[in-house]
Amino acid sequence: MSDVAPPTPPDGVDPSGLGPEVRQSFVERYSVAQRAEGILAPLLTTVLAFFVGGLVVLVTTGKNPVTTYRAIFEGAGWSWFFEIGNHRIGLPWSDATVPFPWNVDDVESLAAVNLQQTLIVTTTLILTGLAVAFAFRCGMFNIGGQGQYLSGSILAVWIGTSFEGMGAFWHIMLAVVVGTLAGAMLAGIAGFLKATVGAHEVITTIMLNWIVIWTGSFLFGVGGPLQNDTQASVPFSNDILEQARLPILWGDPLLQGLHIGFFVAIAALVAYWVILNRTTLGYGVKAVGFNPEAARYGGISVARNYFLAMAISGAFAGLAGAIDILGWQFRLSTGDIQTSQLGFIGIAVALLGRNTAIGVFFSALLFGSLVTGTSTRNLDPEIFQPELASNLTLLIQGLVVLFVGADIVILWLLRRLRRRALA
Amino acid sequence: MSAERPVVLEMEHITKRFPGIVANDDVSFDLREGEVHALLGENGAGKSTLMNILYGLYHPDEGEIRIKGRTVELGSPRAAIDAGVGMVHQHFMLIPVMTVAENIVLASEPTREGVLLDIRAAERRVGELSERFGLAVDPRARVQDITVGQQQRVEILKALYRNAEILALDEPTAVLTPQEAGELFQIIRELTSQGTSIVFISHKLNEVAEVADRITVLRRGKLIETLPAEGATEASLARLMVGRDVLLRVDKSAAKPTAPLLEVNGLHVLDDRGIEKVRGVSFTVHGGEILGLAGIDGNGQTELIDAMTGLRSLASGTVKVEGVDITSRDVQGHFDAGLGHVPEDRQRRGLVLEFSIAENLAIHDFGSPPASRFGWLYPRRLLERAARLIREFDVRGGGPETRAGALSGGNQQKVVLAREIDRDPKVLIAAQPTRGLDVGAIEFVHRRIVEERDEGRGVLLVSLELEEILSLSDRVLVMYEGEIVGEFPPTATEEELGIAMTGGGRKVEAA
Amino acid sequence: MTSLAVPIAARLPQGLRRVAWLGIAIGLLAAWLALPPLTIRSLVPSVVLALIAVMLGVGVAIRGERRFGAFAVAAGLFGFVLAYLATVSGVGKLESVVVWSALFAAMLRFATPLAFAALGGMFSERSGVVNIGLEGMMLMGAFFGIMGADKLDSWWLGLLVGIASGGVAALVHAFFAIHLGADQIVSGTAINFLAVGVTGYLFIDIYGTEGTPTDIESIPDVKLGFIDDVTFLGPIFGQLNLMIWIAIALVPLTWAIMFKTPIGLRIRACGEHPKAADTVGINVYMVRYGAVTLSGMFAAAGGAYLSIGFVNSFNENMTAGRGFIALAALIFGNWRPFGLAAACLLFGFSSALAQRLPEYSQSAAVLFQALPYVLTLIAVAGVIGRSIPPAAVGRPYRKQ
C-alpha cells in the first residue's frame, strides 16, 4: 500500500516492552555523567561525604570537625609542603647534594615520615583502584580486590621468604610476578564463572575473598605450614629476606620509607590508559562493557573479554599485594589478613576516580591520606581518637560510594547551583 | 451512524510538551457511546501521547478532559481506571510467568477471609466475562504459553474486568496476522454493540476505513481533521496523514539473479530453553536478488538469523557462502566469509551507543590491519575511514568522534549500513532494517538495499511488515513455526501471505 | 498395592533429577559410613561411593540438570572430605566431633541468621530490587540490637531497635535505588561499607576497646520439657532460641504471603513487569519501598539474633559475609521460601561442622571455616542458568 513507517514504539516507550526503564549499564550512565560534568561531580561528591562525616563527628563527640580534619591532614604529612626552609637534597647515584626548599630528612621532619606513609598507601590504592576500575570498564563489579590483593601478598611472602641466596633482582621479579599471577588467577575464576555459567561476579568474588582470608589464616596461623620458625605461639610469617625487599627511594628503610613500588603504580596508571585507549584488547573490553549484546553481534567474544578483564583486574590487585609485602610490610600475620581494608577501599577509589587513570591517581591520594591520617600512629590522640577516626574513614568511603552510585543526585545539585548562579 | 448518541469523552485543547518537541499541540478529540473513533497518524504524530494522557500516564500541560460531561483529573492509571477508561497497549502489559486470571485481576483481586487471594473466584469471573463478550481464553493458562492474539484478548478482558466503558486500543493489529485482525474487528463490533466506546489507534489506512465510524487525523502533534469514515478514501486519508502524496512502491528494475551465494540447508536450531525454533529450513539466496522472509514475530526468524551468522549454535544443517561451508566458524568467521548483517535492533545489537561513530564502524575489523597491528590500535586510521563513510552514506548530526547514541534513529541505521556494506559482503542479511524510522530514512534504506542488489550482492530481507516485504523483494518466503511454508512472487497479495503466515495451506519446502 | 504405589511413583523426581538425587544420596552415604555410629575404619568404600556420586553429578550436569548435578557433586566431595578426616582421626576424637544431635542443633543455630536475611532478600528481589546490602543491614541489626538491649535493659526492645536500624539502612538503599535510579549493586555496596563504618564508629565511641558488656539480657531459649527425653529429637529441639522458632515459622508464613495473597501477587508483578503493574494502578515505588524496607528489617532481625541470641557480644564486622551467603541461598532456592530454607540449612550444616572441628585439629579447623564459602561458590556456579530470577530485578523503574 504505502511505505508508511512500520509500527514502532510510541513516544518514549521501550521496544523491549519492559517499560521505559531502558537497560543501561552502570558504565554507560557513568560516562554520560563524566561527559556532562567532568571533574565537578567527583569534587562535589567528596565535599558532600566529608560534610556528612563532619556532622557525625560533631554529633557523636561534640568535637570540631574542622580541627579533626586538620589533624588528619597533618597526620597524613601534607603539612610537609608548608615547612619551607633552607634544606639540601642528595642527587641519585652520587654523594653530592643540592639546595632544596623542603626538608627530606626524616630525623628532622615528622611530616616527611608521615608523607612517606601516605604515599606508600597511595601506591597500594592506585593499584587496587585500577583493579576495580578495569573490571568496571568491562561492565563488571570486582568486589574481590581484597582477596586478590591478599593472594598476591600470600604468594609474595612465600617466595620472598624462600630461595635464600638468589640474586636480588631476580628474587624480587619472581615474587612480584608470582603475586601478580595469583591475583590474576583468583579473579580469573570469577571471570571464568561469569563467562561460562553467568554467575554474578559480585557474589563469586566476595566468596573468594573469604576463602582466601581463611586459607591465609590457616597458612600463617598457629601450626600452619607457613608460620614463622621462631615463635610457635604467634601467628605470623617469617620475614622477607633482605635481598627480596624493594629498594627505598625516600626515607629510612627500617622505618618504612617510600619504596620504588610508587613508580610501579605510576607505570600501572600509564599501562591502564594505554591498554584501554590504544590496544585492541581495550577496544574489546570497552565494547563488552558498554553493550555486551552489540559486541557479540559485532563478532567480539564476550566470554573471552569477561575472563581477560577479570584476570587483568586481579593482576593489578595481586601486584599491589606483592609490592606491599616486599616494600614495607615484610611479613604477614593472620591479624593483617583479617583486618586489611586496602582492597575494599579500591572500590571507592575507582568510583570516585570515575574509572579514569588520572581520576584514580587523585582519589587514591585522597584515600591514602585519609587512611594514613587516621591511623593510630599518625593521628594526634589528643585531638581525636584514632580508632574512631579509622572508622570515620570507612564511613566517608561508604558515603562516597553511595553518592557516586547516585550520580544523579550530584548532577541535580550541580544544576540547581548553576541555575541559582544564573538567576 | 451514531450522531445522536451521547458523548462519553471529550478531550479539549490538549497540549503536551516534551523537551525539544510539542507532542500534542492544541488537540481536541471526542468519543460517543458505542462508536469506534480511529486516531490516525504516522509514527510520532502524537497518537500515543494523547492516549497516554487519557490513561493517566502523562499529564497534559494545557487542556481539559471530560468524561460523561464531568471534568476529570486523570493523575494516574488508577484514576483513569476509576473513571471507566481502559487501555490495550501496543506492547502488552502482561506478566508472562503468571496465569491469565492472575494477570486480569491484578490490583483488583477477589479475596477470601479478607486476606487470601481467591484465585477460584478470579477464574470464574474471567470465564463469565470471556463468555459474555466472546473472548475465548483459558483463565488458568500461563500468559507465556498462549498466542499473541489470545494475549490481546487477555488485555481487553483486563479492561472489561475493571468495568471500562471507554477502551483505547493502541496499534492493536501491529502484532496480528490479517486473519487475527479480522477476529479482532469482530470482537470490536461485539463490544460496541454492548455499549463500549472504542478509540482505535492506527497508521494503517485500510483497517481504519474498515472498522471506524469516525476518523481523526493527527500530524506532527496537530489535529488535521476529524471526518466520518463513510466516504473517506485511502488516498485522501494518506494525504491528510503524511501531508503530501505518498510514494506507493519502491522504484526498482527487474532482478537479474546470478549464481547462488548463500545456501542454507536443513537448518535445525534450538532456543535458550531448548525448544526447537527452526525446524529444517533450507533456501538459497542468489546474487542480484532480494529474498524476503515474511512471518509473524516469534516464528523462528530471530533464531534462524542468529544461527546463520554464527551467533547461535545449530543443532544440524549447513550454511554455505559461495559454496564454502562456514557452519562451524565463529561470528567473526561468518563476517570474514562475506556475510553482512544489519541486526534487528540497532540500539541494542547494532551499535555500541557509547562508542563514537568511528569506533562503531570498526567493530568487525579492529583486530586486523589496517585498524590495528599486533594488538596495537591506530585511532587515526579509524577516524579517516569514518570521515569517508560519513560522506558516502550522508550520515548527519555529527562527525567521526560523535557518540553513536547522539544520532537520530535514521542516522544510526546509516552507520550500521555503512559498516556492513563497506566490507563488501557477498550477502547482506537485513533484519527489520526500517523499524522505527521516519519516512525519509526508510526511503534511504530501501533505495540503498536495492542498489546493493543491483551491484550483484544477494540480500536476505527479514521483516514483520508485509508492505515492506512485498515492495522490496524479488521472491518471498513465508516462515511459520520454524518452517518455510511457502514461496510467493512479489505480486502476491497480503491475504495470500497472511494465510501462509498462520499455517494455512502448508506447502512443501521452497527451494 | 499398585493403586497406591502409582501416585507415589508419579511424584518422585523424574529422569535426570532422579539420577541426581541418587548421586546426592550416595555422596551422603559415603560420609555416613565413616562416621559414628558405623565408623568403618577403611577409606575405600567411602572413596568409591563419593566417586560415583561425583560422576553421577557431572553426568547429570552435562545433560542440562545443572542445579541437581551440582548438588550431587557437592555431596560427593563432602562425603570424601568427611570420610577422609574421619578415617585419619582417632575414634574417640571422632565421636566427640560427630554428635549428630549436637550437629543438627548447631546447624539450626547457624542457619537461622541466614534464613532471616534470605527471606528478607526474597521480598526485595521479588519486587525487583537487588539487595546486595543485606550484609550491611544484618550488621546494623547486630550492633543496634545489642546496643538497644544494653541501654534499654530488655532483649525485646533491643531486638526492636535492631530491626528498626536495618529498616533505616534499607530505606537509604531504597531511596537511592528506587527514587534516584542509582545502580542497585553500587548502592547496596555503599550500604555495606556504611554499615561497617557506622557500627565500627559507634562501637568504639560507646564501648571503646573493651567491647560490649557481658551482662546484656539476651533473647531467651524456648524449653520444651516434654520432648527432652525423646532420643535424638530431644537434644535438637528441646532447647532452641526463640528466634530459631520464629525463623522456622516464617518460612511457611512468607510462602503464604508471597503466593497466596493479593499483596504477594502485587509484589511479584512489580518484580516481573513494573510497567504492567503501574498500568493497573499499583504504585510500584510504594511496593518496592515496602519490600526493600521489610528485607532490611528481616536481615537486621537475623543480625540481632547473631549478637543477642547466639554469641552475646558484638565485634567489628561480625556478620562476616553471611549476608552474601544468604543472597546465594536465595538464588539457590530459586527465590522461594522453602527452597532458600533448604539452602540455608545446607550452609548452616557446613558451618556447624567447621565449628566443631577444632576438637579434631586446630589448624585444619581454621581452613574449614572456608567451607561454607566454597559451597556457596559451587552452588552459585552450578545453579545459575537454571534459576530464573524475577524478570525486572535490578532495573530501576522510571515513571513517566
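Mind pulling the per residue volume of the convex hull built on the Cα atoms of chain C? Å³ is fine.
173 Å³
If you average the C-alpha positions of region B:320-353 and of region C:42-62 separately, how far apart do those two centres end up, in angstrom?
Taking the Cα centre of each part, region B:320-353 and region C:42-62 sit 43 Å apart.
Residue B:277: which aspartates and glutamates have alpha carbons under 18 Å from its alpha carbon, excluding same-chain residues fewer than 8 sequence positions away?
B:145, B:297, B:303, B:306, B:344, B:481, B:483, B:509
Over what distance in Å are the Cα centres of region B:402-473 and region C:108-122 separated?
Answer, in whole Å: 54.
Ordered by residue, what ³J(HN,Hα) values in Hz, to whole numbers, does region A:185-200 give under the Karplus form 6.51 cos²θ - 1.76 cosθ + 1.60, where θ = phi - 60° and Gly and Pro are x?
Running phi through 6.51 cos²θ - 1.76 cosθ + 1.60 with θ = phi - 60° gives 5, 4, 5, x, 4, 5, x, 5, 5, 5, 5, 8, 10, x, 5, 5 Hz.
Cut-off is 10 Å between beta-carbons; in what order do A:366, A:269 appear when sorted fewest neighbours first?
Arranged by neighbour count, lowest to highest, A:366, A:269 become A:269, A:366.
Karplus couplings for region B:182-197 from phi (6.51 cos²θ - 1.76 cosθ + 1.60, θ = phi - 60°), rounded to Hz, Gly and Pro as x?
Karplus-based 3J(HN,Hα) across region B:182-197 equals x, 5, 4, 4, 4, 4, 4, 5, 4, 5, 5, 5, 9, x, 6, 9 Hz.
Short version: ³J(HN,Hα) in whole Hz for each residue of region A:334-344, in order, from phi by Karplus 6.51 cos²θ - 1.76 cosθ + 1.60 (θ = phi - 60°), x for Gly and Pro, what are they?
Per-residue couplings from phi come out as 4, x, 4, 4, 6, 9, 4, 10, 4, x, 5 Hz.
I'd like the orientation of helix B:409-422 relative to chain B: the angle between its Cα long axis and the longest Cα principal axis, in ° from 0 to 90, rounded to 10.
Approximately 20 degrees, to the nearest ten.
With 64 Å as the cut-off, how large is the P(r) tail for the protein assembly as shown, expressed as percent of Cα-Cα pairs?
Here the long-distance tail beyond 64 Å is 16 percent of all Cα pairs in the protein assembly as shown.
For the protein assembly as shown, what is the calculated [θ] at 222 nm in deg cm²/dmol (nearest 500), taking -39500 (n - 2.57) for each run of four or more DSSP H residues and dividing by its residue count?
-17000 deg cm²/dmol
Rank the residues A:283, C:373, C:285 as a footprinting-exposure proxy: fewest other Cβ atoms within 10 Å of their Cβ go first.
C:285, C:373, A:283
Kindly state, as a whole number, the per residue volume in cubic angstrom of the convex hull around the alpha carbon atoms of region A:66-222.
210 Å³
Most mobile of C:144, C:123, C:232 per a Gaussian network model of chain C (Cα springs, under 10 Å)?
Per the Cα network of chain C with a 10 Å cutoff, C:232 tops the list.
Considering the options B:327, B:382, B:314, tell which one lies farthest towards the positive end of the dipole of region B:298-397, charges being +1 on Lys and Arg and -1 on Asp and Glu at the Cβ, about the Cα centre.
B:382
Give me the compactness ratio for region A:242-328, meaning the Cα radius of gyration over 2.2 N^0.38 Å.
Numbers: Rg = 17.7 Å, N = 87, 2.2 N^0.38 = 12.0 Å.
Relative to the rule-of-thumb radius for its length, region A:242-328 sits at 1.47.
Please give the charge dipole size of region B:7-242, origin at the Cα centre, charges +1 on K and R Cβ atoms and -1 on D and E Cβ atoms. Round to the nearest 20 debye.
Here the size comes out at about 280 debye.
Based on alpha-carbon atoms only, what is the radius of gyration of region B:52-210 relative to the globular estimate 2.2 N^0.38 Å?
Cα Rg divided by the expected 2.2 N^0.38 Å: 1.06.
Name the long-range amide H neighbours of residue B:116: under 5 Å, sequence gap of 5 or more, or other chain; modelled H, no Pro or chain starts.
It is none; the list stays empty.
Rounded to a whole number of µm²/s, how large is the Stokes-Einstein D of region C:149-239 at 4 °C and 1.567 mPa s, given Rh as the Kirkwood radius over C-alpha pairs? Working shown, then result.
Working: Rh = 16.5 Å.
Translational diffusion coefficient: 78 µm²/s.
For every other residue with a beta carbon closer than 10 angstrom to the beta carbon of residue B:435, add +1 if it is Lys or Arg and -1 if Asp or Glu, then tell me the sum. Please list the in-between numbers first.
Working: positive: B:346; negative: B:344, B:345, B:465, B:468.
Net charge in that neighbourhood comes out at -3.
What is region B:7-242's relative contact order, in percent, from Cα pairs under 8 angstrom and six or more apart in sequence?
Averaging sequence separation for qualifying contacts and normalising by length gives 29 percent for region B:7-242.
Amide H to amide H under 5 Å from residue A:279: which residues, 5+ apart in sequence or cross-chain, H placed 1.01 Å off N in plane?
HN-HN under 5 Å from residue A:279: B:377.
Return one quarter of the surface area of the convex hull spanned by the alpha-carbon atoms of chain B, equal to its mean projected area, in nm².
26.5 nm²
Out of residues 5 or more away from residue B:39 or on other chains, whose amide H comes under 5 Å of its own, with H placed 1.01 Å from N in the peptide plane?
Those lying under 5 Å, H to H, from residue B:39 are B:200, B:201, B:202, B:216.
Calculate the tail of P(r) for region B:242-335: the fraction of all Cα-Cα distances greater than 18 Å, expressed in %.
Every Cα pair in region B:242-335 considered, those over 18 Å come to 54 percent.
Using alpha carbon centroids, what distance separates region C:210-259 and region A:98-145, in Å?
49 Å
Calculate I(q)/I(0) for region C:183-339 by the Debye formula, one identical point scatterer on each C-alpha and no solvent, and give its log10 at q = 0.08, 0.13 Å⁻¹ to two decimals.
-0.35, -0.85
Bear in mind that the values in this text are calculations on the coordinates, not laboratory data. Because the structure is predicted, anything quoted here is derived from the model rather than measured. For neighbour counting, all protein chains shown are included, and Cβ atoms are generated from backbone atoms with ideal geometry for every residue, glycine included.
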